[in-house]
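The values are calculated or read from the model by the stated rules, or taken from the named source; none is laboratory data. Treat the numbers as computed from the prediction; the structure is a model and nothing was measured. Positions of Cβ are generated from backbone atoms using ideal geometry, with glycine treated the same way; all protein chains shown enter the neighbour counts. Protein only, heavy atoms only, side chains kept; ligands, DNA and RNA dropped before computing areas. Shrake-Rupley method; radii C 1.70, N 1.55, O 1.52, S 1.80 Å.
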Amino acid sequence: MCLRALLGFVTNENKYKWEPVQIGESLGFLINTVKLTFRIPARKVEKLRNSLQESVSDGYSTYRDFARLAGFVISLSLAVGPIARLFTRQMHYAIQSRPYLEAIFEFSDPLLQELKFWLQNIDSIQWFLISASCFCFLEVILLLWITFQLVVCFRRVKILIIHTIQSYAE
């Protein structure tokens, strides 16, 4: 049994990279630590483009499907930056006015313009430069997570040692 398993760490060998990398995918984004950028993977860009094209061509949607689309755009805010919050206002106004989620509604002109904005500009705004303050914040979060994991690890080692000593004492 490997040390990680003894200490209680459960890892997915397909997802975890044991060697440090400068460019990699994590939490659905391509993170480039050399250029300090977050980028949306091509498959997500294509998924967003298809959803937007379908919505714009139909001109209507259920509130549930539309909320899913708005949530998807907001989930990309780490890579596209503050523009995701600015250019989803009409989407949120529409969702807030829902009578119930399965109701079908027709898109207003401002809402249609917002959807077309995303459709036309997703290729040019699919990455965001990480500022120094953001990068420092990410480092602090990473250090806190590592510290927490070490505390949990040491507690498990202590318990493992106590159990081992008790089993030898018997």
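Across segment 66-76, a minimum of one residue is classified as surrounded by 18 or more Cβ atoms within 10 Å (Cβ to Cβ) and at pLDDT below 90. Out of all the residues in segment 64-94, which are in a loop (DSSP other than H, G, I, E, B) and free of Cβ contacts under 8 Å to residues at least 12 places away in the same chain? Across segment 64-94, the qualifying residue is only Pro82.
Check whether at least one residue in segment 95-109 is within 27 Å of Glu25 (Cβ to Cβ) and assigned to a loop (DSSP other than H, G, I, E, B), and report yes or no.
We begin by selecting, within segment 95-109, every residue within 27 Å of Glu25 (Cβ to Cβ); these are none.
For segment 95-109, residues within 27 Å of Glu25 (Cβ to Cβ) and assigned to a loop (DSSP other than H, G, I, E, B): absent.
Select from segment 115-134 the residues that are surrounded by 13 or more Cβ atoms within 10 Å (Cβ to Cβ), assigned to a helix (DSSP H, G or I) and modelled with pLDDT under 75 and list them in ascending order. Hit for segment 115-134 is Cys134, nothing else.
Restricting the first member to segment 30-51 and to residues that are over 12 Å from Leu119 (Cβ atoms), and the second to residues that are open to solvent by 80 Å² or more (accessible area, probe 1.4 Å) and among the charged types (D, E, K, R), the beta-carbon pairs closer than 7 Å and six or more apart or on different chains are Leu30/Arg39; Asn32/Arg39; Pro41/Glu25. Take the residues in segment 31-65 that are within 16 Å of the chain's Cα centre (by Cα) and surrounded by fewer than 12 Cβ atoms within 10 Å (Cβ to Cβ), then tell me which one is farthest from Asp123 (Cα to Cα). The qualifying residue farthest from Asp123 (Cα to Cα) is Arg43. Residues in segment 9-30: is at least one modelled with pLDDT of 75 or more, assigned to a helix (DSSP H, G or I) and surrounded by 13 or more Cβ atoms within 10 Å (Cβ to Cβ)? Checking segment 9-30: not a single residue is modelled with pLDDT of 75 or more, assigned to a helix (DSSP H, G or I) and surrounded by 13 or more Cβ atoms within 10 Å (Cβ to Cβ).
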